[in-house]
Ligand SMILES: [Zn+2]
Ligand SMILES: [Zn+2]
């Protein structure tokens, strides 16, 4: 996608999606997700961006997993993501954060949505291999999930298509016990394949 078509898409979505940002579910864990995002941004020395960041859920979203609004430093997430486990929520949050980081760093310069600036932001946020797609995992992809991790604290299971490339902590426990900050005590551990229930 060219930068100009991205800009067009951004403006097109700005008009159709603007209402989405107002149709918000009750606060729930969105505030915790915002804290998590703010901590990640502060970790990159982007305190000003962290201060502006807001995260909301919007139940009117269809297959789009998340949206980032660089002008308002806003991230909107699809509540259906919760059905795919917290790792998927976190992944999408970081994907959208990377958009905000890339735009923030580039100021008014136009950049391609999933270009090198975004990739660099993904790497800085700890994601080396992030896909360029915003869509929710579809059933066919769900069937391809082969790896299961479990939180040592709350026993929440997280299914993955690929292995984590670096330690990943249970988002729920980090929110509950650490104010949304990463804590290795809640690092997810791999569950052996033969222990899995069939589905
Ligand atoms: Zn994206
Ligand atoms: Zn947990």
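Condition check ((1) touching a strand residue (DSSP E or B) at 6+ places or on another chain (Cβ under 8 Å); (2) part of a loop (DSSP other than H, G, I, E, B); (3) more than 13 Å from ligand 2 (Cβ to nearest atom)) across all residues:
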residue: 154; (1), (2), (3): no, yes, no
residue: 159; (1), (2), (3): yes, no, yes
residue: 162; (1), (2), (3): yes, yes, yes
residue: 166; (1), (2), (3): no, yes, yes
residue: 175; (1), (2), (3): no, no, no
residue: 182; (1), (2), (3): yes, yes, no
residue: 190; (1), (2), (3): yes, no, yes
What about residue 186, is it under 18 Å from residue 93 (Cβ atoms), touching a residue at least 12 places away in the same chain (Cβ under 8 Å) and more than 14 Å from ligand 2 (Cβ to nearest atom)?
no
Give the residues of region 152-175 that are at pLDDT 90 or above, more than 18 Å from the chain's Cα centre (by Cα) and within 21 Å of residue 30 (Cβ to Cβ), sorted by residue number.
154
With criteria (1) modelled with pLDDT under 90; (2) away from ligand 1 (no atom under 11 Å from the Cβ), residue 120 comes up short on (1)
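The values are calculated or read from the model by the stated rules, or taken from the named source; none is laboratory data. No experiment lies behind these values; they were computed from the predicted model shown. Backbone-built Cβ (ideal geometry, glycine too); neighbour counts: all protein chains shown.
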